[in-house]
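**Student:** Sharing a structure here in structure tokens format.
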Amino acid sequence: AQSVTQLGSHVSVSEGALVLLRCNYSSSVPPYLFWYVQYPNQGLQLLLKYTTGATLVKGINGFEAEFKKSETSFHLTKPSAHMSDAAEYFCAVSVDNYGQNFVFGPGTRLSVLP
Amino acid sequence: DTGVSQNPRHKITKRGQNVTFRCDPISEHNRLYWYRQTLGQGPEFLTYFQNEAQLEKSRLLSDRFSAERPKGSFSTLEIQRTEQGDSAMYLCASSLIGGIGYEQYFGPGTRLTVT
């Protein structure tokens, strides 16, 4: 069965510092991978996704992620954190051959310190 | 606004009461999903519809839960005889089937508190 682990339930960085949020997955089918962000009392917003092709994926708000099959990882990075990046981040893997149905990780709360 | 909408945004109910939530997906989307999210956790899949057909239900969806999407448009999620353990955020998402890797678009959620 597909599953997602996110190392670190809470990550704190200083404003302007590198953001690195970790995601590892297991999948019995070719994985389609997604990162979503959730602000307090709001739904989830897609940051970026990997389906096929280029393994380095760029998303909104300056985020990017790299699919590494050998490491079964899809870590999310941003070169310079902004205060507005403080939120909960969820990695998700598809559980079917078409990337339609998802399993979400437990999430990582990102705090940005001034 | 053409996003996914959910009503109500908040619901407080007493244990044992029935509650119903509504989700209006993006109009051209033919798939609709329900998730439950508890504090500090990721969304957990409950069920999904393709048009009006309910194609999959999670083991989390006990007999007290029922979902419908009668005309392939909006959907309702009903919880009968609510329990305190039902307190959670209930999220709805929609997507367009076809191709590969179509992302799900989420609504703002309905927060249920059972007292």
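Since every read-out is calculated from the coordinates, none of them should be taken as a lab result. It should be emphasised that the depicted structure is a prediction, and the values quoted were computed from it without experimental measurement. Reconstructed Cβ throughout: ideal geometry from the backbone, glycine too, with neighbour counts over all protein chains shown.
**Student:** Given charges of +1 on the Cβ of Lys and Arg and -1 on the Cβ of Asp and Glu, with all other atoms neutral, how large is the dipole of chain B about its Cα centre, in debye to the nearest 20?
**Tutor:** The calculation lands at about 440 debye.
**Student:** How big is the protein assembly as shown by Rg and Dmax over its Cα atoms, in Å?
**Tutor:** Expressed in Å, the Cα Rg and Dmax of the protein assembly as shown come to 17.6, 52.
**Student:** Turning to a different aspect of this structure: Placing +1 at every Lys and Arg Cβ and -1 at every Asp and Glu Cβ, with all other atoms neutral, what dipole size does chain A have around its Cα centre, in debye to the nearest 20?
**Tutor:** Dipole about the Cα centre, nearest 20: 120 debye.
**Student:** How high is the relative contact order of segment B:1-52, in percent, counting Cα pairs under 8 Å that sit 6 or more residues apart?
**Tutor:** 29
**Student:** Let me ask something else about it. Which value in Å is the Kirkwood Rh of chain A over different Cα pairs?
**Tutor:** Every distinct Cα pair counted, the radius reaches 14.0 Å.
**Student:** Related question: Relative contact order (percent) for chain B, with alpha-carbon contacts under 8 angstrom and 6 or more residues of separation?
**Tutor:** 37
**Student:** Among the chymotrypsin sites (Phe, Trp or Tyr not before Pro) in segment A:37-114, which ones are in a DSSP loop with at most 15 other Cβ atoms within 10 Å of the Cβ? Mind listing them?
**Tutor:** Filter output for segment A:37-114: A:Tyr98.
**Student:** With a cut-off of at most 14 other beta carbons within 10 Å, and DSSP calling the residue loop, which GluC sites (Glu not before Pro) in segment A:24-114 qualify? Please list them.
**Tutor:** Those satisfying the criteria are A:Glu71.
**Student:** Within segment A:36-58, which residues have the backbone N less than 11 Å from the label spot 7 Å out from A:Leu20 along Cα→beta-carbon, could you tell me?
**Tutor:** Answer for this model: none.
**Student:** Further, regarding this structure: Which is farthest toward the positive dipole end of chain B among B:Asn30, B:Ser58, B:Leu112, measuring Cα position about the Cα centre, with Cβ charges +1 (Lys, Arg) and -1 (Asp, Glu)?
**Tutor:** B:Leu112
**Student:** What is the average number of partner chain Cβ atoms found within 10 Å of a Cβ in B:37-45?
**Tutor:** If you average over the peptide's residues, the count of other-chain Cβ atoms is 6.
**Student:** In a Debye calculation with equal point scatterers on the alpha-carbon sites of chain B and no solvent, what is log10 I(q)/I(0) at q = 0.22 Å⁻¹?
**Tutor:** Taking Cα atoms of chain B as identical point scatterers yields -1.27.
**Student:** Could you work out the mean count of beta carbons from other protein chains within 10 Å of each residue's beta carbon in A:36-42?
**Tutor:** 3
**Student:** Loop only by DSSP, 15 or fewer other Cβ within 10 Å of the Cβ. Give me the trypsin sites (Lys or Arg not before Pro) in segment B:1-38 that pass, ordered by residue number.
**Tutor:** Loop-located and lightly packed - B:Arg9, B:Lys14, B:Arg15.
**Student:** Calculate, in nm to one decimal, what B:Arg15 and B:Gln84 gain on full extension: separation in residues at 0.36 nm each, minus their alpha carbon distance.
**Tutor:** Gain on stretching B:Arg15 to B:Gln84: 24.2 nm.
**Student:** Put a dot 7 Å past each Cα toward the Cβ at A:Thr72 and B:Glu52; how far apart are the dots in nm?
**Tutor:** 4.2
**Student:** Right, another one. Just grab the label-to-label distance for B:Glu44 and B:Arg111, each label 7 Å out from Cα along the Cβ direction, in nm (one decimal).
**Tutor:** My value for the distance between the label points is 2.0 nm.
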